[in-house]
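Quick notes on the structure that follows.
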Amino acid sequence: MEKRKIGALDVSVVGLGCNNFGWLQDEAASKQVIDAAIDAGITLLDTADIYGGTQSESILGRALRGRRDRVVLATKFGMQVDEQRKGAKPDYIRRAVEDSLQRLQTDYIDLYQLHTPDPEVPIADTLGALDELVRAGKVREIGCSNFSAEQLREAQAAAANKAHFVSVQNQYSLLHREPEQTVLPACEQLHIAFLPYFPLASGLLTGKYRKGQPVPGGSRIDSEPYFKDMLSDANLDRVEKLLAFAQDRGHTLLELAFSWLLSHTAVASVIAGATKSQQIQNNVKAAGWILSADELQEIDRILV
């Protein structure tokens, strides 16, 4: 599989999102997905301390025994684990990394990411603590998530000659193009890798949800307000047009979703969750369509 750079890290252009582990998937099912991902050439595994109530990291740690060196392990801190464990203060960062290292059963984290900005802590203080972790060898590279372009620039300026954010992980898909306005240009200017989350727009870009058809029972997009907002008539109309575009060219909607994201040079890896081994195979295959300039223009016209 093609590799791209996140700072000094080489990562597969398809990554595995581990937010389902310990929540929607038990340990046995999670391990099957991890095995399938590694066998398929996926090297970037992305989790967070809050996923599965900290169980995602623990499941990953046990599943990666004896093969830790085969993956680029990314995790996050900063969102509330409980009343005592949250935020981006230096003292908490030192505690959070030790907790993650223990759960992941490793002595280093490849990419340690601030999960969300902390308005109560100066970014220079946060970066100072993260720089200590890099110097101590506990973290190889640092990144952030849910940052605006202005926040990225502020962080870059505050880092000076110390460790700085080499990646940002924000929501981005064919149906959520907000990063194109300011964040993607900032990434290109600052040489920061972009990692899109929700690349399949909560499942809309898999073809699972179609206009005029009932929503499958028990699906997350139908049960949670945040995701249900994606099921607008306008989005369903776009899905029909995108599906026709892909099928006319002998591809699936899933392949269009991945390949379109990877057509942007700032995008280093598309992080997608999976609950079955077959989904891993489909995701890996999806990254192989090289879209032409004419095709990209046609997609822009569809999405207007």
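The values are calculated or read from the model by the stated rules, or taken from the named source; none is laboratory data. Every value quoted in this text rests on a predicted model; they were computed, and no experiment measured them. A quick note on method: Cβ atoms are made from the backbone with ideal geometry, for glycine too, and the neighbour counts reach across all protein chains shown.
So that you can scan it fast, the table gives a plain yes or no per residue for (1) in contact (Cβ under 8 Å) with a residue 40 or more places away in the chain; (2) out of contact with any His (no Cβ under 6 Å at 6 or more places or on another chain); (3) small (Gly, Ala, Ser); (4) in a helix (DSSP H, G or I):
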residue: Leu243; (1), (2), (3), (4): no, yes, no, yes
residue: Ile271; (1), (2), (3), (4): yes, yes, no, no
residue: Ile280; (1), (2), (3), (4): yes, yes, no, yes
residue: Asn283; (1), (2), (3), (4): yes, yes, no, yes
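On the given criteria, is Lys76 surrounded by fewer than 22 Cβ atoms within 10 Å (Cβ to Cβ) and of a type in the set (Lys, Arg)? Break it down into steps so the answer makes sense when it comes.
Details: surrounded by fewer than 22 Cβ atoms within 10 Å (Cβ to Cβ): no; of a type in the set (Lys, Arg): yes.
In short, no.
In region 60-100, what residues are under 25 Å from Lys5 (Cβ atoms) and without any contact (Cβ under 8 Å) to a residue 24 or more places away in the chain?
Listed by number, the list holds a single entry, Asp69.
Before we move on, is Gly41 touching a residue at least 60 places away in the same chain (Cβ under 8 Å) and either among the polar types (S, T, N, Q) or touching a strand residue (DSSP E or B) at 6+ places or on another chain (Cβ under 8 Å) (or both)?
yes
May I ask you to list the residues in region 56-70 that are assigned to a loop (DSSP other than H, G, I, E, B) and of a type in the set (A, V, I, L, M)?
Result: Leu64, single match.
Where residues in region 285-304 are in a helix (DSSP H, G or I) and either touching a residue at least 60 places away in the same chain (Cβ under 8 Å) or within 25 Å of Asn19 (Cβ to Cβ) (or both), which of them is nearest to the chain's Cα centre (by Cα)?
Ala286
Scan region 170-188 and report the pairs whose first residue is of a type in the set (Phe, Trp, Tyr) and whose second residue is in a helix (DSSP H, G or I), with Cβ atoms within less than 8 Å and a gap of 6+ or a chain change.
If the second residue must be in a helix (DSSP H, G or I), the pairs left are Tyr172/Glu178; Tyr172/Pro179; Tyr172/Leu261.
Does at least one position in region 69-83 carry a residue that is modelled with pLDDT of 95 or more, small (Gly, Ala, Ser) and touching a Ser or Thr at 6+ places or on another chain (Cβ under 6 Å)?
yes
Being hydroxyl-bearing (Ser, Thr, Tyr), more than 21 Å from the chain's Cα centre (by Cα) and either modelled with pLDDT of 95 or more or over 25 Å from Ala257 (Cα atoms) (or both), is that true of even one residue in region 125-133?
yes
When you go through (1) surrounded by 20 or more Cβ atoms within 10 Å (Cβ to Cβ); (2) under 19 Å from Val139 (Cα atoms); (3) not hydroxyl-bearing (Ser, Thr, Tyr) one by one for Arg67, which number turns out not to apply?
Here Arg67 meets the rest and fails (1).
Quick check on my filter: what residues within region 153-177 are more than 18 Å from Trp260 (Cα to Cα), part of a strand (DSSP E or B) and in contact with a Phe, Trp or Tyr (Cβ under 9 Å, 6 or more places away or on another chain)?
Phe165, Ser167, Val168
Inspect region 78-86 for any residue being of a type in the set (Asp, Glu) and under 20 Å from the mean Cα position of the chain (by Cα) and give the result as yes or no.
Restricting attention to region 78-86, the residues satisfying the condition of being of a type in the set (Asp, Glu) are 82-83.
Filter once more, so that each one left must be under 20 Å from the mean Cα position of the chain (by Cα): none.
For region 78-86, residues of a type in the set (Asp, Glu) and under 20 Å from the mean Cα position of the chain (by Cα): absent.
Answer yes or no: is there a residue in region 291-298 that is of a type in the set (Ser, Thr, Tyr), surrounded by fewer than 18 Cβ atoms within 10 Å (Cβ to Cβ) and at pLDDT 95 or above.
Within region 291-298 (the criterion being of a type in the set (Ser, Thr, Tyr), surrounded by fewer than 18 Cβ atoms within 10 Å (Cβ to Cβ) and at pLDDT 95 or above), the answer is yes, since at least one residue qualifies.
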